[in-house]
Amino acid sequence: MRSGTITAARSGTFALGGDLPVHRLGFGAMRLTGPGVWGPPADKKEALAVLRGAVELGVNFIDTAEAYGPHVSEELIAAALHPYPQGLVIATKGGFDRPGPHKWETSGRPERLREELEGSLRRLRRERIDLWQLHRIDPAVPEADQFGAMQQFQREGKVRHLGLSEVSVEQIQRARSFFPVVSVQNRYNVVDREWEPVVEHCEKEGIGFIPFFPLGVGKLRELGGALLEVAQELGATPLQVGLAWLLKRSGVMLPIPGTARGGHLEENVAAAGIELSPKQFERLGAMTAPDEARR
């Protein structure tokens, strides 16, 4: 790491569940896989280097899932980083089946969730998952069965903390009758704030909010307007400004930008050093965008 390089430590710290501190700017490992989030990466050596580089840049929170590959992302993390450095928190997810590239099918049957958890433990080479999240609530399976299975995983000591993904406030509240919800992972970025009520609920309850697609799959760079203007004012890129807005939006916000390229990784992490003025933050918050630029 070069002298003066900005690290993820500049993003501040949040304690998941009150006892698991992470730097707020993390790394999402979905994009390390092949096209359609399927199969191995085109350049495995580069993927491993990106993971090691993230840790060198102070990232100590990595988000992955059984479905990424499937299995590939978790295997890469273990290959690159095991034995893990002290303080590295790895979150993974279960609840999606993958019949092929770009294809996702919810699968919340308790026996399937257990199978996924056991597989994640093997692939990540861990005796306990730091944070295990339900990738989606399966509408075809009673919520109580899914939440009950997660409760059991925690009681058995196979997971430390539990979280949810793409859920409403009401679903979070129902899950909390089974276990403490320490994280929620919903789609969210500066121009896609459909889940604003969930962000507000997480702020109120001290739940970590992990925005996925925090950069709109890279499309934020194409929007122009206030995003480009503020980027020019700060000598930054639009994507960096988008991440800086998320970090300023809330102390429970844990952005996890992902990339398969070392140069993009350094650019993303450098966003932790960007300071938005109140007026810049307000201008960015007033932005809107067409649907195709949000998702």
Per residue, how many Å² of accessible area does region 140-220 show with a 1.4 Å probe? 37
Site Glu282, offset 7 angstrom along Cα→Cβ, radius 17 Å on amide nitrogen, limited to region 249-268, gives 249
What does the accessible area of His71 come to, in Å² to the nearest 10, when a probe of 1.4 Å is used? 60
Add -39500 (n - 2.57) for each DSSP H run of 4 or more in the chain, then divide by its residues: what number comes out at 222 nm, to the nearest 500 deg cm²/dmol? -11000 deg cm²/dmol
I'd like the distance separating the alpha-carbon centroids of region 29-53 and region 121-168, in whole Å. 25
So how much slack lies between Arg261 and Gln152, counting 0.36 nm per residue of separation and subtracting their Cα-Cα distance, in nm? 35.4 nm
Where does each of Tyr188, Tyr84 land when they are ordered by accessible area, with a 1.4 Å probe and the largest first? Tyr84, Tyr188
For Trp38 the rounded accessible area (nearest 10 Å², probe 1.4 Å, non-protein molecules ignored) is 90
What accessible surface, in Å², does a 1.4 Å probe find on Thr237, ignoring ligands, DNA and RNA and rounding to the nearest 10? 40
Counting only C-alpha contacts under 8 Å and six or more residues apart, can you give the relative contact order of region 140-295 as a whole percent? 21
Calculate the length of the line joining the C-alpha centroid of region 82-96 to that of region 170-220, in whole Å. 20
Roughly what % of DSSP beta bridges within region 1-155 run antiparallel, to the nearest 5? 40
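The values are calculated or read from the model by the stated rules, or taken from the named source; none is laboratory data. All figures in this text were calculated on a predicted structure; none of them were measured in a lab. So basically every Cβ, Gly included, is an ideal-geometry build from the backbone, and we count neighbours across all protein chains shown. Protein only, heavy atoms only, side chains kept; ligands, DNA and RNA dropped before computing areas. Shrake-Rupley method; radii C 1.70, N 1.55, O 1.52, S 1.80 Å.
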